[in-house]
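Colleague: Got a structure here, written out as structure tokens. Questions coming.
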Amino acid sequence: SSSSSSSSSSSPSSKFASTSLPFRPKQSLGQNFLVDPNMISQIVGTFADLVYQHDPDQADSQGKRVVEVGPGFAALSHLLVEQFPEMLAVE
């Protein structure tokens, strides 16, 4: 039935329906927020690998500056700041 298919559909904001966030993402504004911890780890790991490949002589984060634009709920920021303590997040 059509009512069961609409209740099982998944929109970006449906993942936030049961949480107590101060707002919900608006699809009309193109808002999407990372919520999958595996994907977050994969993105941060790939980014860090690319940063260190670019400058293999410098194997630590010293002097590496990262700017995250539009951090949203800081899903990436929490992991990025562990590897790049000098990072800056700008909403």
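Colleague: Do any residues in the range 26-38 that are within 13 Å of Gly72 (Cα to Cα) and β-branched (Val, Ile, Thr) have Cβ atoms under 7 Å from those of residues that are assigned to a helix (DSSP H, G or I) and open to solvent by 100 Å² or more (accessible area, probe 1.4 Å), where the two are at least six apart or on different chains, and which pairs are they?
Modeller: Val35/Lys15
Colleague: Taking the range 82-91, which residues are closer than 21 Å to Asp36 by Cβ and surrounded by fewer than 17 Cβ atoms within 10 Å (Cβ to Cβ)?
Modeller: Glu82, Ala89 - these are the residues of the range 82-91 that are closer than 21 Å to Asp36 by Cβ and surrounded by fewer than 17 Cβ atoms within 10 Å (Cβ to Cβ).
Colleague: Taking the stated definitions as given, is Ser61 modelled with pLDDT under 65, in contact with a Phe, Trp or Tyr (Cβ under 7 Å, 6 or more places away or on another chain) and open to solvent by less than 90 Å² (accessible area, probe 1.4 Å)?
Modeller: When the stated conditions are applied, Ser61 passes them.
Colleague: Can you name the residue in the range 37-58 that is part of a loop (DSSP other than H, G, I, E, B) and open to solvent by less than 70 Å² (accessible area, probe 1.4 Å) and is also modelled with the highest pLDDT among such residues?
Modeller: So the residue we want is Asp55.
Colleague: Here is a follow-up. Which residues, counting only those in the range 68-83, are modelled with pLDDT of 90 or more and either over 13 Å from the mean Cα position of the chain (by Cα) or among the polar types (S, T, N, Q) (or both)?
Modeller: Ser77, Glu82
Colleague: Still on this structure: Which ones in the range 64-74 are open to solvent by less than 30 Å² (accessible area, probe 1.4 Å), within 19 Å of Leu50 (Cβ to Cβ) and hydrophobic (A, V, I, L, M, F, W, C)?
Modeller: Of everything in the range 64-74, just one residue is open to solvent by less than 30 Å² (accessible area, probe 1.4 Å), within 19 Å of Leu50 (Cβ to Cβ) and hydrophobic (A, V, I, L, M, F, W, C), namely Val66.
The values are calculated or read from the model by the stated rules, or taken from the named source; none is laboratory data. The structure displayed is predicted, hence computed values, not measured ones. Using ideal geometry, Cβ is built from the backbone for each residue, glycine included, and neighbour counts are taken over all protein chains shown. For the accessible areas, the whole protein counts, side chains as well, though only heavy atoms, and no ligand, DNA or RNA atoms are used. Shrake-Rupley method; radii C 1.70, N 1.55, O 1.52, S 1.80 Å.
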